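Student: I'd like to ask you about the structure that follows.
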């Protein structure tokens, strides 16, 4: 894990926290926090986001290491899959009722 | 939740209703068709030995300490209680908000251990955890001196935390093998928690010692202030000799080598030296305390003693 | 998410923004406004990187940061009783509750940070007395029964306020509130049970409980904010789907709930004018001293100075620790980089 460039003085950088709530499930974004480095970010995440057994595993990621589509979920970036209903099983109506299909 | 004006408007995700209706606020994330089962906010009470379980076992007669076991439980319970009382003061005063929560968690762990040990100790003569915590006088407390040492600055608290958690880890690790099933049970729960306390304090020792010149100076000072009270933790006496012989507990001196080795590793990494200070005579195990405990008890006990016999 | 630090996908023309003409900016704003209006009409959610009207951003930033400050300052009246809690069980509960409040402050600061305001700036504004927080935390917690009254009435009012906020139009705020509300479900109950124990205890204990209820009643009702006809921002916040109910609506509903619950406690509310209006089907209460509310909000309450000084003290005393951790991280990162170059 690389540690983001610490800010000047005594301000700690932001980390995004992802929590796996139980084995077999994905890590899900839980929120963010401040920590001086990855080791402390993990510990702070443990204390802040799993006080009530919310998780069995935690990821922390420097917030500025996340690349994001811009802006979230609208515009040309997500237009293509719209209307391509042949990608979905429900498109194929003639085979409805055939067993094991 | 009964206070919710919204509960009918947005049904709760199914996974959060079963068995925990009271934890459910009847809302879900906007567009909540997402992976309900992958929620990062699903909360449960967990499943572990609680102080209430010990109290119940004692009152039902399924767990009863011998006189010696009750005395050692009292020592361990008092250690944890006084430490929790000290640590609790940090909540709302820590160096950063995240650390308010971290220290709060450690205080809560220690308070939990205290309640379990005291509930068990009280099984000897029918006293409750609260009878023991609130209605004993200073000379009846059996905590070692280190636990009542003032918080000082963050470095002093970390130094105290570092010593205590490495000591408690060795002790509880051994107690999981106790011939006394209740002591072993309490220790089994506690050892995992103090393992984390070790990690927390070691992380901070490294950062304070290796941070700025100022923090390094304060960390060195913190250890200097705390180190005189280390020896007392590892002193044997007649009680520990008897308990060791019966297999219910261990001689504290037997924990020292491992304590020195493991704390020494962190000292080495932090480029610190074990402080060269004279050990204090201690005496807490016999009820001889420093001047600090009286004030701690005065504050802790004031309300309970103002209304003796009251229920809260 | 810390939107201000997020990077764009390669290929997005963000780097060209410097050279945008005024017309481009105007067109972008118009498109943004249209999209924003559509989101509002559909009661969907705005996320940090979406275009939003500057006033919407400002309103949210003010509300969320005030909310966060209230959690952080709100730790103090209860932290005041941790060391004196009259049983070990109550001590554990209270510690967990005050600790939760720190957590709630953090969730909320995180949400506010997605709007582009760093947490240390918000904290500085709080310490400088520039930021507001819920005025109720400027009253002293005098007796143990105050722990009950704060849990039952203050957290009760907070929950009544917060549950609708789980559906606030700004995604990060709503998500933070979901977490907060889940965790707070125990806060109100533990307060209620403290009062229940006291009211069924000795006459002195019962008197302590009644006294606490009497003192916290009016400040708790005022937590919902000024009356609707004196709340200039409410209408806009409702249009933006931030607020879902008016101050008076929530307050009246809360009075009704308390009237039921106070019977179980075998205590009374210090307001003879509470009644259910059969015509409007709404609960009504007696007049509240809004002059006092504004006085306390303006900084002239019983504990304003003490609360801020305590926050400043913690922040000031912790500066060397925060610096040390940051310096250590920088040194470690440098060491790591040197190792990688050498290899």
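None of the figures in this text is laboratory data; all of them are computed from the coordinates on show. Keep in mind it's a predicted model, so treat the numbers as computed, not measured. A quick note on method: Cβ atoms are made from the backbone with ideal geometry, for glycine too, and the neighbour counts reach across all protein chains shown.
Student: Of the DSSP beta bridges with both residues in the protein assembly as shown, give the percent that are antiparallel, rounding to the nearest 5.
Tutor: Percentage antiparallel, nearest 5: 85.
Student: So what is the calculated 222 nm ellipticity per residue for chain B, using -39500 (n - 2.57) for each DSSP H run with n of 4 or more, over all residues, to the nearest 500 deg cm²/dmol?
Tutor: Using -39500 (n - 2.57) per qualifying helix, the result is -18000 deg cm²/dmol.
Student: Extending each Cα 7 Å along its Cβ direction at residue A:79 and residue B:224, get the distance between those two points in nm, one decimal.
Tutor: So the label points at residue A:79 and residue B:224 sit 7.1 nm apart.
Student: Kindly express, to the nearest 10 degrees and within the range 0 to 90, the angle between helix C:88-113's C-alpha long axis and the longest C-alpha principal axis of chain C.
Tutor: 40
Student: Here's a follow-up. Quick check on chain A: helices-only [θ] at 222 nm, where DSSP H runs of length 4 and up contribute -39,500 (n - 2.57) each and the sum goes over total residues. Nearest 500, please.
Tutor: Using -39500 (n - 2.57) per qualifying helix, the result is -3500 deg cm²/dmol.
Student: Moving on. Angle between the Cα long axis of helix B:154-175 and the longest principal axis of chain B, 0 to 90 degrees, nearest 10?
Tutor: 90
Student: Go ahead and collect, in residue order, the members of segment B:140-160 whose backbone nitrogen is under 12 Å from a label point 7 Å along the Cα-Cβ direction of residue B:298.
Tutor: none
Student: So what's the gap between the Cα centers of segment B:76-121 and segment A:41-101, to the nearest angstrom?
Tutor: Value for the Cα centre distance between the two parts: 40 Å.
Student: Under a plain spin-label model, where a point goes 7 Å from the Cα along Cα-to-Cβ, how far apart in nm are residue A:87 and residue C:125?
Tutor: Going from the residue A:87 label point to the residue C:125 one covers 4.1 nm.
Student: Helix-derived [θ] at 222 nm for chain C: sum -39500 (n - 2.57) over DSSP H runs of at least 4, divide by residue count, nearest 500?
Tutor: Helix-only estimate at 222 nm: -21500 deg cm²/dmol.
Student: Tell me the label-point distance for the pair residue C:26, residue C:336, using the 7 Å Cα-to-Cβ offset, in nm and rounded to one decimal.
Tutor: Computed distance between label sites residue C:26 and residue C:336 equals 4.9 nm.
Student: If you take the square roots of the eigenvalues of the alpha-carbon gyration tensor of segment C:52-153 and sort them as a ≥ b ≥ c, do you get rounded (a/c under 1.5), prolate (a/b over b/c) or oblate?
Tutor: Prolate, since a/c reaches 1.5 and a/b exceeds b/c.
Student: Report relative contact order for segment C:208-259 in percent, whole number only (criteria: Cα-Cα under 8 Å, sequence separation at least 6).
Tutor: 33
Student: Compute the acute angle (0 to 90°) between the alpha-carbon long axis of helix A:38-49 and the principal axis of greatest extent of the alpha-carbon atoms of chain A; round to the nearest 10°.
Tutor: That helix lies at roughly 70 degrees to the long axis.
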